[in-house]
Amino acid sequence: MSGAAYTIDDSARSKDADVWFALPPGFVPLPLHELAAARDAAQTDGSLVGLGPVLRLAQLLLEAGAVHCCLGLHVDDEGDGGPLLSLFTLARRDTGWAPRSVLAGRAAVGAEGAEHIEVLDLPCGPASLVQTRLKEPPELGLGAPGGLLQVTAYVPGLDGRRIAILSLATTAVDHAQHYRDLLRGIAVTVSFEDPLPEVSDDVADKD
């Protein structure tokens, strides 16, 4: 029986990479830095006007410390079959040393307005998962009167001095259990040691 097939993003092989994870189907990477840089151009380029909310979101995410972002598109198979949109982000936070279980607990307890908290025992170590409800940033203009559902996993690094923060945000507030399960599944794949096979620099000559 063959294992699951994965598409490896170029960033996973970057020399600066220090955390790895896998996303299920339905997620498309968003180039945060390129989108944020396009904000100025949007003021003079009429073709970019419609991207205003996306460009503003990219800037907000970078200011919040996001280093990776993906747009999620899934089907509501429990409702009307319509599309469910979500936003996945990865951020890193440096912290003073503490046992990893303590770091995970502190992060969860410190989450403002938590509706759900659970402890995770991941292959890479202890972590926590928190569900909160957020008000929509008015500058985004998403039209979400019910606010945003955000599910966040706090995964301490092996050295006990940093935390990887994985978040899923969506306007589909009635699908909280679905998004908790989804993020929990992503968190299980987190690794702080490169899990990818080495790639040889030698390329076979096929001519």
Being within 21 Å of the chain's Cα centre (by Cα) and either open to solvent by 40 Å² or more (accessible area, probe 1.4 Å) or aliphatic (A, V, I, L, M) (or both) is the filter here, so list the residues in segment 84-100 that pass it.
Leu84, Leu85, Leu87, Leu90, Ala91, Arg92, Arg93, Asp94, Thr95, Arg100
Among the residues of segment 101-116, how many are out of contact with any Lys or Arg (no Cβ under 7 Å at 6 or more places or on another chain), modelled with pLDDT of 90 or more and open to solvent by 90 Å² or more (accessible area, probe 1.4 Å)?
2
Restricting segment 10-31 to residues that are closer than 24 Å to Gln59 by Cβ and in a helix (DSSP H, G or I), the residue that is nearest to the chain's Cα centre (by Cα):
Ser11
Give the residues of segment 187-201 that are surrounded by fewer than 19 Cβ atoms within 10 Å (Cβ to Cβ) and not hydroxyl-bearing (Ser, Thr, Tyr), sorted by residue number.
Val188, Phe192, Glu193, Asp194, Pro195, Leu196, Pro197, Glu198, Val199, Asp201
What are the pairs with Cβ atoms under 7 angstrom where one residue, in segment 95-108, is within 18 Å of Leu166 (Cα to Cα) and the other, located anywhere, is part of a loop (DSSP other than H, G, I, E, B) and among the polar types (S, T, N, Q)? Sequence gap at least six, or different chains.
Leu103/Thr95
May I ask you to list the residues in segment 74-83 that are open to solvent by 20 Å² or more (accessible area, probe 1.4 Å) and over 24 Å from Ala164 (Cβ atoms)?
Val75, Asp77, Glu78, Gly79, Asp80, Gly81, Pro83
If you scan segment 48-67, which residues turn out to be out of contact with any His (no Cβ under 9 Å at 6 or more places or on another chain), modelled with pLDDT of 75 or more and open to solvent by 40 Å² or more (accessible area, probe 1.4 Å)?
Arg56, Leu57, Gln59, Leu60, Glu63, Ala64, Val67
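The values are calculated or read from the model by the stated rules, or taken from the named source; none is laboratory data. All values derive from a computational prediction rather than experimental measurement. We place every Cβ from the backbone using ideal geometry, glycine too, and count neighbours over all the protein chains shown. Please note that ligands, DNA and RNA were not included when accessible areas were found on the heavy atoms of the full protein model with its side chains. Shrake-Rupley method; radii C 1.70, N 1.55, O 1.52, S 1.80 Å.
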